[in-house]
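Written below as structure tokens is the structure these notes are about.
All of the numbers you see were taken from the coordinates with simple rules; none came from a lab. This is a predicted model, so every value here is computed, not measured. As a convention, Cβ positions derive from the backbone with ideal geometry for all residues, glycine included, and neighbour counts pool all protein chains shown.
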Amino acid sequence: MFQNTVSSALALRLGGITLLVSFVLFFAAAAPAQGQGQGQGQGQGQVITFVPDVAGGYPESIAWNERAGAFLVSSLRGGQIGLVYEDGRYRRFAASRSQITTSGIVVDAARNRVLVCNEDVGIALKSSPGMRNRVAQVLEFDLNTGALQHVYDFSPLSKGPTLANDLAIDAQGNVYVTDSFQPQIYKIDQTTKAVSILVRSERLMPVTTTAASGAKPYLNGIVYHPDGYLIAGDYSRGLLWKVALDGTHALSEIKLPQRLKGPDGLRLKSPDTLVVVQSFPGAGRGMSGDVTLLSSSDGWTSARITAVATPPGLDGPTAAAVKDGEVWVVNSRYPRLFADTANADSTREFSIVKVAFSDGQNVAGSP
């Protein structure tokens, strides 16, 4: 998610998560309404404020659920998946015993399912010391009922720390998942349901690190491009990677005019336009952020910055959803959770902000 000093801790933010490892801050069927919020304003700068129950606190990722007419949000604190309506109502969607800390989330309406990453980084209501940094899963839920249908477990595939951060789905239903503690991307085969490591490369870890470890995050957000490849974000170095799906699994760094500040959540707005939610050190010891729009005219061999938006109310932004061509960003407020886990549940109010871009807005370093 991020990289920042919080008290005596070094904060590192992942894409679709955040973690505090020694000195590193790394990071349902619809039930009755769990919290009431408020949709504020109309048009540009619209903010949806919502109040989940504690198990739904600190929403890390977001996806638009057209069928329900609401946003789906994950939760760093309790792992619960919730529905957030445009008037600010929050309703529990899924809350199984398997859910610890949930991050990246996608809706696969064609297959009637919701997929979400699940992990344990030691800050959840159900965290277990013996499982900290050893849970890397994708949970599959029924889109209509919120019932848990399948648990895909990547943990046995790696030794040492592991964390499934964000995910993307291709046209055939195969799922691709970033690991923020290992320099690798996983695959879930839609036909066989088998899990495997799609690609592992030292190029996906910081050059100053000799071996993969939980001390630094590697990959973060990920998207599938309709032309048949993946784009993944490297938070710690501000890079984007293009990953071939033609059998070669070739890696190529996407050429940018400048390194990104802290790429977290990624979302394609169109085949040639990518939304990057960024989280990076701000004034004092806090975290700041922006929403950067990238475009490419050469199949994502390179990209240029076309706009950078900092809408009012950004507070630990981590992920975006595209609804009717509009970009909405969730404010996870994650610095509060990692800085003071014991008192984290006193923070109850969260928000989703609509981002309005204008051509050339705050663009720096573009060719």
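Figures for the structure shown
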read-out: Cross-link partners of Lys255 among lysines (Cα-Cα below 17 Å; sequence separation of 8 or more within a chain); value: Lys242
read-out: Relative packing of 82-93, 50-61, which averages over residues the other C-beta atoms within 10 Å, highest first; value: 50-61, 82-93
read-out: Pairs beyond 26 Å (Cα-Cα), from Lys193/Lys323; Lys126/Lys323; Lys261/Lys354; value: Lys193/Lys323; Lys126/Lys323
read-out: Extension gain, Val151 back to Ser302 (0.36 nm per residue minus Cα-Cα distance, nm); value: 50.7 nm
read-out: R0 of 45 Å, Cβ-Cβ distance Lys159-Asp87: FRET efficiency to nearest 0.05; value: 0.40
read-out: Calculated FRET efficiency for the pair Met131/Ala110, C-beta based, R₀ 35 Å, to 0.05; value: 0.60
